[in-house]
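Peer 1: Supplied in structure tokens, the structure appears directly below.
The values are calculated or read from the model by the stated rules, or taken from the named source; none is laboratory data. Note that this is a predicted model, so its numbers are computed, not measured. Cβ placement follows ideal geometry from the backbone for every residue including glycine, while neighbour counts extend to all protein chains displayed.
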Ligand code: SF4
């Protein structure tokens, strides 16, 4: 049954008390990203650091979760250990549907448990278990233990951290169910600092679907759009890994710590090659008929008994770029083996790959020595990279401790800032040009998902500062509306504003129709206000020298254009995040 208010569970790990609260504001922020922002305004502590026990970790879903295909994501909002400011991360799996079936629009965790703890919540159940014995368990092992500890049906989601989150690496992730993650900006550490090893969400209630013909008819229409048109075909086929070859041809594929933007070896780790050599099956988030998750296999032989073990490892474009091309590892199986270790340790694979690429170049240039890296990091040598991943997660020395806090922080101490491939955080895999570099470096979440700067670069040879900045702001606002719903961003070509109005109307939220643009703008400002209120100054963001040294399909990068975009975008962000008048 739809409702205008939000039903929110607040779990306090310090006091072991749980409350259910209700909040209004559906017509102002929809849910998802907007709801998380509103709740952070209420529960977040602007004047205390990310590791204060009272800082909240917030999980929220949207008004269409469970009603339509691909409305399958959950947002996790927290003060990031990476930059000590407000941030968000998104994941699918079964998390969103489980929250819907648990009758919760949001779950807030505050406080800190005395010992390592697993939390289980349902619509009528809250339980904490002491799991101190699981300290150091990898994320896969933890998942297996949790499934036995909290048995449940398909409407059960298990979110947990690996050793990296326990050890407070700034880019530790939260592993969600199988092959999904709240990947970027350190959500795993936001849990780890609370001594929270895992959260199990039990979707233990039903929910009623709308009566009448309008809803099933619209559902069928949306389902067909998502499954029978070309729009989504690439995500199921080769998946996002299909981007390797076209980006390589465009000289936009970061390679070898972005010393190059293309390589004759790229085809060895292309989507086509991964499909031929390793693909075992596709998987999907709950409620998704597309199934973009590609699962490859790695075969290992035991020395002792000559038996083989097959491991299943998820892959897509970003991990192939970061742990393949950036490290010049050009064997599909070797890339999967590195990703398998990252998965177990509970690290963000993009940040980890890019951090190791910087360390390899720093070692090669003599900026650091093997005394720091412990292993001889060498381009293409997967074995040493697998060991380095464990060192980032469980640091044996000060160097790895600092590398686990971020590549640029490490480079500021040891040297080598010029070639740190960092755009707010370790970069995403698009060396497309000036607009993307500025959009990721300054953007709200520092991801390629904030706005389509990479797409602008690929379509526009002309230099149009105002046009590009208008595009970044408008495109981000459109994505924010999807992030309030919360739909998978891959479906944004289908879920346009008009269709979203219809979808809301068909389930009983007709009063929200026609408000998408207004709500998008409101939430865009809210998120920036929170971030700027914690000290973010986009004017201070630097773009490392490496980005000015590359050549793309348009030729050498233009530093004047880059600078005009950087200062222009910073000013626009400051304007968007200006305090509300009654706060001044
Ligand atoms: S397209 Fe992929 S990421 Fe998106 S909902 Fe479906 S399986 Fe999940």
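Peer 1: Can you name every residue in region 291-319 that is at pLDDT below 90 and out of contact with any strand residue (DSSP E or B) (no Cβ under 9 Å at 6 or more places or on another chain)?
Peer 2: 303, 304, 305, 306
Peer 1: Evaluate the following for residue 100: is it surrounded by fewer than 21 Cβ atoms within 10 Å (Cβ to Cβ), at negative phi and not in a loop (DSSP other than H, G, I, E, B)? Working first, answer last.
Peer 2: Details: surrounded by fewer than 21 Cβ atoms within 10 Å (Cβ to Cβ): no; at negative phi: yes; not in a loop (DSSP other than H, G, I, E, B): yes.
Answer is no for this residue.
Peer 1: Might you let me know whether region 310-324 holds any residue that is in a loop (DSSP other than H, G, I, E, B), buried (at least 23 other Cβ atoms within 10 Å of the Cβ), over 18 Å from the mean Cα position of the chain (by Cα) and not assigned by TED's automatic domain parsing to the domain that holds residue 177? Explain how you work it out, then say what you get.
Peer 2: Within region 310-324, the first condition is being in a loop (DSSP other than H, G, I, E, B), and the residues that meet it are 316, 324.
Now restrict to residues that are buried (at least 23 other Cβ atoms within 10 Å of the Cβ): 324.
Now restrict to residues that are over 18 Å from the mean Cα position of the chain (by Cα): 324.
With the extra rule that they be not assigned by TED's automatic domain parsing to the domain that holds residue 177, the set shrinks to 324.
Yes, region 310-324 contains at least one residue that is in a loop (DSSP other than H, G, I, E, B), buried (at least 23 other Cβ atoms within 10 Å of the Cβ), over 18 Å from the mean Cα position of the chain (by Cα) and not assigned by TED's automatic domain parsing to the domain that holds residue 177.
Peer 1: Among the helices (runs of 4 or more DSSP H) lying completely within region 114-196, list those that include at least 2 residues that are out of contact with any helix residue (DSSP H, G or I) (no Cβ under 9 Å at 6 or more places or on another chain).
Peer 2: Details: elements: 139-149, 163-166, 187-192.
Counting at least 2 such residues, we get 139-149.
Peer 1: Of all residues in region 389-416, which are without any contact (Cβ under 8 Å) to a residue 24 or more places away in the chain and either outside the structural domain of residue 366 (by TED's automatic domain parsing) or assigned to a loop (DSSP other than H, G, I, E, B) (or both)?
Peer 2: 396
Peer 1: Moving on to the next point. For residue 25, are the conditions met, namely being under 30 Å from residue 493 (Cβ atoms), under 20 Å from the mean Cα position of the chain (by Cα) and surrounded by 14 or more Cβ atoms within 10 Å (Cβ to Cβ)? Reasoning before the result, please.
Peer 2: Values: under 30 Å from residue 493 (Cβ atoms): yes; under 20 Å from the mean Cα position of the chain (by Cα): no; surrounded by 14 or more Cβ atoms within 10 Å (Cβ to Cβ): yes.
Here the answer is no, as residue 25 does not meet what is asked.
Peer 1: Among the numbered conditions (1) farther than 30 Å from residue 178 by Cβ; (2) surrounded by fewer than 24 Cβ atoms within 10 Å (Cβ to Cβ); (3) touching a helix residue (DSSP H, G or I) at 6+ places or on another chain (Cβ under 6 Å), tell me where residue 394 comes up short.
Peer 2: (1)
Peer 1: A follow-up question, please. I'm trying to understand the selection: among the residues of region 568-584, which are surrounded by 14 or more Cβ atoms within 10 Å (Cβ to Cβ) and assigned to a helix (DSSP H, G or I)?
Peer 2: Listed by number, the residues that qualify are 568, 569, 570, 572, 573, 574, 576.
Peer 1: Something else about it: What is the residue count in region 84-97 for residues that are over 30 Å from residue 529 (Cβ atoms) and outside any loop (DSSP other than H, G, I, E, B)? Write out each step before concluding.
Peer 2: The first filter runs over region 84-97 and keeps only residues over 30 Å from residue 529 (Cβ atoms), leaving 93-94, 97.
From what's left, outside any loop (DSSP other than H, G, I, E, B): 97.
The number of residues fulfilling the criteria is 1.
Peer 1: Could you check residue 42 against (1) crowded, with 22+ Cβ neighbours inside 10 Å; (2) part of a helix (DSSP H, G or I); (3) out of contact with any helix residue (DSSP H, G or I) (no Cβ under 9 Å at 6 or more places or on another chain) and say which number it fails?
Peer 2: Here residue 42 meets the rest and fails (1).
Peer 1: So is residue 65 farther than 27 Å from residue 180 by Cβ and in contact (Cβ under 8 Å) with a residue 60 or more places away in the chain or not? Don't jump to the end; show me each part of the working.
Peer 2: Numbers: farther than 27 Å from residue 180 by Cβ: no; in contact (Cβ under 8 Å) with a residue 60 or more places away in the chain: yes.
In short, no.
Peer 1: So if I check each of 62, 66, which one is surrounded by fewer than 24 Cβ atoms within 10 Å (Cβ to Cβ), within 16 Å of the ligand (Cβ to nearest atom) and assigned to a loop (DSSP other than H, G, I, E, B)? Explain how you work it out, then say what you get.
Peer 2: Numbers: 62 fails: surrounded by fewer than 24 Cβ atoms within 10 Å (Cβ to Cβ).
Among 62, 66, only 66 is surrounded by fewer than 24 Cβ atoms within 10 Å (Cβ to Cβ), within 16 Å of the ligand (Cβ to nearest atom) and assigned to a loop (DSSP other than H, G, I, E, B).
Peer 1: Which residues, taken from region 209-265, are within 16 Å of the ligand (Cβ to nearest atom) and in a loop (DSSP other than H, G, I, E, B)?
Peer 2: Hits for region 209-265 are 229, 237, 238.
Peer 1: Which condition from (1) in a helix (DSSP H, G or I); (2) farther than 21 Å from residue 85 by Cα is the one that residue 437 breaks?
Peer 2: (2)
Peer 1: Would you call residue 562 touching a helix residue (DSSP H, G or I) at 6+ places or on another chain (Cβ under 7 Å), more than 25 Å from residue 64 (Cα to Cα) and part of a helix (DSSP H, G or I)?
Peer 2: Values: touching a helix residue (DSSP H, G or I) at 6+ places or on another chain (Cβ under 7 Å): yes; more than 25 Å from residue 64 (Cα to Cα): yes; part of a helix (DSSP H, G or I): yes.
It is true that residue 562 is touching a helix residue (DSSP H, G or I) at 6+ places or on another chain (Cβ under 7 Å), more than 25 Å from residue 64 (Cα to Cα) and part of a helix (DSSP H, G or I).
Peer 1: Being over 18 Å from residue 476 (Cα atoms) and surrounded by fewer than 19 Cβ atoms within 10 Å (Cβ to Cβ) is the filter here; which residues of region 513-540 pass it?
Peer 2: 513, 514, 533, 535, 537, 539, 540, listed by residue number.
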